[in-house]
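The values are calculated or read from the model by the stated rules, or taken from the named source; none is laboratory data. Since the model is a prediction, treat every value here as computed from it, not as a measurement. Cβ placement follows ideal geometry from the backbone for every residue including glycine, while neighbour counts extend to all protein chains displayed. Just the protein is used for accessible areas: all its heavy atoms, side chains included, with ligands, DNA and RNA removed. Shrake-Rupley method; radii C 1.70, N 1.55, O 1.52, S 1.80 Å.
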Amino acid sequence: MHEMSLAESVVQIAEDTARQNGGSRISSVFLEVGRLAGVEIEALRFCFDAASRSSLAEGAELVIERPDGRAWCMPCGETVSLSGLADPCPRCGSHQLQVTGGNELKVREIAIH
Amino acid sequence: MCTTCGCGTDHVHIDGVGHPLARAAQAPLTGVERFAAVPIAGSGETDSSFGRIGVHAHGTPAARIVQVERDLLAANDSWARLNRDHFAATGTLCLNLVSSPGSGKTTLLVRTVAEIATRRPVSVIEGDQQTSNDADRIRATGVPAVQVNTGRGCHLEAPMVAKALEALPLAGGGVLFVENVGNLVCPALFDLGEAHKVAILSVTEGEDKPLKYPDMFRAADLVLLNKTDLLPFLDFDVDLCEANARRVNPSVEVLRVSARSGEGFDAWLAWIERRVAALHPAADAGRGEARP
């Protein structure tokens, strides 16, 4: 359940940004959470509700973009899609994979008032 | 705090060795300490690696969209960099030990630090939700240890380690072990500034654990398969377990050990010594080669 830590971090980043830009309320928070980032989205949403209470982000809508997993397959010599970290290359079955996408974990933007 | 599983990070306590931190039991780490960037000395500014925040307005007139582009782990990572700098300055090898509860991590650590203490400085940071039992076990060997109680938190974070280091002076050329909270999921994501994550898996667990918890086994550089003294009584397939670990992480090293019998400890201690030596290449070269 590291989602609580991540949710607290989302609230802190959103509040800091809102204050630096003269906002007094945050209505939306746009996140990028890759499909290989090891984050349970429902847990993150639940924790965000708890962590944002009494903050500028209380009641804010959480919009989450989920980039697909991608990896560089060494035997194939090209980028392939990957749905799980333990999965083999969908083309050749090799596990010699270097993850190149899908592990994003960031706040992209916020809407303030 | 999460009301589903009780997990949360609002009650972190760090015990000192001999001299407790001024902010001990009553004062958990605040959000500012855990989630703010590390201040740059003298400048009054925070780490600029977060990038400048650009503002542009679009959408409804009432709302402004502000670009942030900040990594959720950026604050943790800036603390981790600070810890890493501290380890580099003191010539310390830091290893982050991760496993599920009950893998024999503390028993393995007690035997390991007792062996290493005969040749170089060694110290330990213990992470658990509650109790100082593990730090007490380490201190009983004469090795300095600081207990971090994470309260409801399920993993250690870099600022907790930074705080614990205030109570744990590092002697040059030593080894620092950080025993993370027993959990094969959450600690994978949090860099503490360590040189390597070492995952410990005991043979009383399933061979498929690396496949069930791939994040952790992908983050680890070494897997210690512990409790091998119990293998005669089990159906555990060691080769299959190793193959599963390599499926998730092709470059991972695997060593078979028993903290009870000491089997495999020579290889484990040699692994550590090689990493310590790599931190001090000049000293090593000086010893290894006769200079004209």
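List of remarks:
- Under 5 Å from the amide H of A:S28 lie the amide H atoms of A:E61, A:A111, each residue being 5 or more positions distant or on a separate chain, with H modelled from the backbone and absent for Pro and chain starts.
- A Förster radius of 30 Å, combined with the Cβ-Cβ distance separating B:H280 from B:R137, puts the computed FRET efficiency at roughly 0.50.
- Electrostatic tally near B:G127: other residues with Cβ closer than 11 Å to its Cβ, Lys and Arg +1, Asp and Glu -1, net -4.
- Each of A:Q20 and B:L269 was given a label point 7 Å from its Cα along the Cα-to-Cβ line. The distance between the two points is 5.0 nm.
- When all alpha carbon pairs of chain A are counted in 5 Å bins from zero, the resulting P(r) reads 2, 13, 20, 17, 13, 10, 9, 7, 5, 3, 0 %.
- Counted by Cβ distance under 15 Å from A:R91, the other residues give a net charge of -1, where Lys and Arg count +1 and Asp and Glu count -1.
- Loop-located trypsin sites (Lys or Arg not before Pro) in region A:27-90 (DSSP state not H, G, I, E or B) with no more than 12 neighbouring Cβ atoms inside 10 Å: A:R53.
- Radius of gyration, Dmax [region B:156-292; alpha carbons; angstrom]: 17.2, 58
- Couplings 3J(HN,Hα) for region B:228-243, derived from phi with the Karplus relation 6.51 cos²θ - 1.76 cosθ + 1.60 (θ = phi - 60°), are 5, 5, 8, 3, x, 9, 10, 9, 5, 9, 4, 5, 5, 4, 5, 4 Hz, where x marks Gly and Pro.
- Built amide H within the under 5 Å cut-off of B:V122, gap 5+: B:V175
- Neighbour-limited loop hits for GluC sites (Glu not before Pro), region A:12-57 (at most 16 other Cβ within 10 Å; DSSP other than H, G, I, E, B): A:E40
- Accessible area of B:D85 (1.4 Å probe, protein heavy atoms only, ligands and nucleic acids ignored): about 100 Å².
- To the nearest ten degrees, helix A:3-20 and the longest principal axis of the Cα atoms of chain A are 50 degrees apart.
- In sequence order, calculated HN-Hα J values of region B:256-262 (Karplus, 6.51, -1.76, 1.60; Hz; x Gly/Pro): 9, 9, 10, 5, 7, 8, x
- Gain on full stretching of the segment that runs from A:V63 to A:A50 - 0.36 nm per residue minus C-alpha separation: 3.0 nm
- Against chain A, whose longest principal axis is taken from its Cα atoms, helix A:41-51 shows a tilt of about 20°.
- Protection proxy ranking, peptides A:60-66, A:79-85, average beta carbon neighbours within 10 Å, highest first: A:79-85, A:60-66
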